[in-house]
Each structure stands twice: as C-alpha cells, then as structure tokens.
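S.K.: Here you go, one structure.
Quick note: the coordinates plus some simple rules give every number you see, no bench work behind them. These figures come from a predicted structure and were not determined experimentally. No Cβ is skipped: glycine too gets one built from the backbone with ideal geometry, and neighbour counts run over all protein chains shown.
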Amino acid sequence: MSTVVAAEQLALRRIRPVIGWAITGVCFALFGTALLVAWFVAGDAHHVGTGADRVPTSTGVLVIVFEVTAVLGAIWAIAHSVRTTKERGRLSLDAMIVIAWALAWWHDPIIGWLRPTVFYNAAYVNLGSWTNQIPGWISPNSRYLPEPILGIGAIYLSLALGFSILGCAVMDALRRRSPRIGPVGLVLGAFLAIFVGEFLTEVLVIATHLIGYPSSFPALTLFAGTTHQIPVYEQVLWSVVLTATAALRYFTSPDGRSAVERGADRVTLGTRGRSLLCLAAVVGFVNVTCVTYDAAMIVSSLYAGHTQLYPTYLRTAQCGPGTSVPCPGPGVPIVHGSR
C-alpha cells in the first residue's frame, strides 16, 4: 500500500506544474479581459489626437506602413496557428503562443505606472489607454497614451511567434554545428539573434518618431537627452522576454509538450480540456515574463535623465506644456493621480 501511495504522490507532483501555471494564466487572462471591458464600459475609450505639432508626412506614411505590416503579420500568425493545429490534431504550441501573447497585450502600457515611460505617435489608430482601470495606478493623464490598436495590438499576435521561430532556427543551427553545446549556449545564441532583430526594429521606429522613450536611464541610453534616445536596456529586457518564449518552444518533450505543459496528459480531461489546460499554462508563462519586464522598466523610469521636449503628436496630453504634469527628468517628482 505504501508503494502505491508513494506512486500516486509522485504522479501528483508531476501534475502540479501545469496546474500551477494554468491557474496563473487564468488569473492573468481574467484580469486583462476585465480591464479592457471596464475601459469600454466606462466610456474611456476615446481617440487621442496629435495636438498642435504637425506629424511630418514621411512619419505619417511610416505609421500606415507599420500598421499594415503588423496586421499582415497577425494574419500570418493566425494562419500558421490554424495549420499547425490541424497537423497535430490538437492545439499546437505555436497557436498557444499566439493566443497567449494576444491576451498579454494589456501589459503594454504598464511600464508607465509611475510616469510616462513610452510615447506612441498619435497618428496610429488608437482609442487612448486603459490604465485608468488598473488598481493602484499612479501616473496621471495616462489615458492620453495613444495605444496603437493596429500597430501594437496586432503585432502582439505575431512578434513573439516570429522571434521564437528565429530563435529556434538559431538554436538548431548551433546544435548542428556544435553537438556538445548545452542549453545555456543555445539560449544565449538565440538571445543574441533576437536582440539584433529587436534592436534594429526599435532604432527604426524611434528614429522616425513612431515611438519615444522619455524616461530613459542616461548611462544605458544611446543619444541620451534627445527625442531619439534609445534605451538599450529596454531592448535587452524585451529580448530576454522574447527569448524565454523561444526557449519554451524549443525545449519540448518527445510528445511535443513544453516545460509548462508537463503533466497535462496525467490530468483526467478530454483532448479539448487538456488543450485548454495547456493554453492556460502558456498564458501564465507569458504573463509572468511580461511582469518581470514591466517591473524592471518601472524601476528604470525613476532614473530618467533630461530630454528635449517631445512634439505633441508623441507626448500628447500626458505631460509638458499645456498640462499640469512635468515630463520626466532628474528631480522631477512623481505626480499621483488617476486622471
């Protein structure tokens, strides 16, 4: 009897990881969904305009190009998810990654918890931001952050999957070239490839004023003090998050289960039930990695350096002239207020 009990306890321990990740995922998914629903119900979803400063024609064109590219990427990600799911006869890991990242979009403005930390060009299709619905939110005027629905919202469906495929391809290449390379070397190689792609993308959108980072830590920022400053640590942190998803996709068991799905087959559920359980676990993993990025960026915003005044189509009514909130900088206090 003791042997049977020990075997049952061992089986339960093997089940717990997927259950824990799934519970985490459900909590995050419900919270994020509730935020967006409350945002619409409260009537806070309003278009944010560009303000007094005219958006350069070239920048306006690039905004449209970025949005179209993001939407096409989302269509590709959805089509890829459907195809791989049909091939495997169950919800594929790639499909779960796409869904999980779509459900993680609510994280996007969180880095501005204390003060404006990211600016988006108001020429994007936008309805402002849902930060007013977040309990304990501090930074005032954050509802004027023009969260890009097509630009950033759509790219959440494809960005992680695309970089994960890139990271896995790099790890495959490294393993073929050096069969003895360990997991650390593989992940580091994937990170470097992802960082290069992420950094080049960020340089492009920052240089063309599609995005701005007003609360950059000067010592780790290129072109610090200008409206084109590039916080390199942000690209490093975001690349770490993307690499985590790539590693989750790469290091799977023989039956195709990722680390957070392990034990799902020991749960008494049907095929659909197991798929939902695994999906919730992947959602939990993605949200936890996003939270670590959020926390690091929020802390970094406390060390913002002096910057030039951003044009109104970037800072909108979040801070600066015409508002009661000074833009971030040394000695500038954290202003508290939900609106």
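S.K.: If you find the alpha carbon centre of the range 120-144 and of the range 39-115, how far apart are they in angstrom?
M.R.: What the calculation gives is 15 Å, centre to centre.
S.K.: Evaluated at 25 °C with a viscosity of 0.890 mPa s, what Stokes-Einstein diffusion coefficient in µm²/s does the chain have when Rh comes from the Kirkwood expression over alpha-carbon pairs? Mind showing how you got there, number by number?
M.R.: Values: Rh = 21.3 Å.
Using the Kirkwood radius from Cα pairs, D works out to 115 µm²/s.
S.K.: Toward the positive end of the charge dipole of the range 17-315, about the Cα centre and with charges on Cβ (Lys, Arg +1; Asp, Glu -1), which of L30, V118, N132 goes farthest?
M.R.: Value: L30.
S.K.: Run the numbers for A295 and V184: contour at 0.36 nm per residue of separation, minus the present Cα-Cα distance, in nm. Numbers along the way, then the final one.
M.R.: Values: separation 111, 0.36 × 111 = 39.96 nm, distance 2.44 nm.
Contour length minus Cα-Cα distance gives 37.5 nm.
S.K.: Roughly how big is the chain's charge dipole about its Cα centre, with Cβ charges of +1 (Lys, Arg) and -1 (Asp, Glu), in debye to the nearest 20?
M.R.: Details: 22 positive and 16 negative charges, 194 e Å.
Once rounded to the nearest 20, the dipole reads 940 debye.
S.K.: Here's another thing I want to ask about it. Unpartnered cysteines of the chain (Cβ-Cβ under 4.7 Å counts as a partner)?
M.R.: Unpaired cysteines in the chain: C27, C168, C278, C290.
S.K.: Considering the zone a paramagnetic label at R54 would reach in this model (a point 7 Å from Cα along the Cα-to-Cβ line), which residues of the range 295-337 have amide N under 15 Å from it?
M.R.: Under cut-off, by backbone N: 312-313.
S.K.: Tell me what the chain gives for mean residue ellipticity at 222 nm when only DSSP H runs of n ≥ 4 count, each as -39,500 (n - 2.57), the sum divided by the residue total, rounded to 500 deg cm²/dmol.
M.R.: Values: 8 runs with 185 residues, N = 339.
Result for the chain: -19000 deg cm²/dmol, rounded to the nearest 500.
S.K.: Moving to a separate point now. Return the long-range amide H neighbours of F119 (sequence gap of 5 or more, or a different chain), with a cut-off of under 5 Å between placed amide H atoms.
M.R.: G212, Y213
S.K.: What do you get for the angle between helix 271-300 and the principal long axis of the chain? Use alpha-carbon atoms, 0 to 90 degrees, nearest ten.
M.R.: Relative to the chain, helix 271-300 is tipped by roughly 40 degrees.
S.K.: How would you order 77-86, 117-126 from highest to lowest mean count of nearby Cβ atoms within 10 Å? Don't jump to the answer; show the numbers that get you there.
M.R.: On the way: 77-86: 15.9, 117-126: 24.0.
Output ranking for 77-86, 117-126: 117-126, 77-86.
S.K.: Right, another one. Which of the peptides 102-112, 220-230, 189-199 is most tightly packed, and how do the rest follow, going by the mean number of other Cβ atoms within 10 Å of each residue? Working shown, then result.
M.R.: Values: 102-112: 21.8, 220-230: 16.5, 189-199: 19.6.
The most tightly packed comes first, giving 102-112, 189-199, 220-230.
S.K.: Based on the mean of other beta carbon atoms within 10 Å per residue, what is the order of 264-275, 239-250, most packed first? Walk me through the numbers before you get to the answer.
M.R.: Numbers: 264-275: 13.6, 239-250: 23.1.
My ranking of the peptides, most packed first, is 239-250, 264-275.
S.K.: Oh, and also: Pop a pseudo-label 7 angstrom from the Cα along the beta-carbon direction at both I64 and S253 and give the gap in nm to one decimal.
M.R.: Between I64 and S253, the label points sit 5.1 nm apart.
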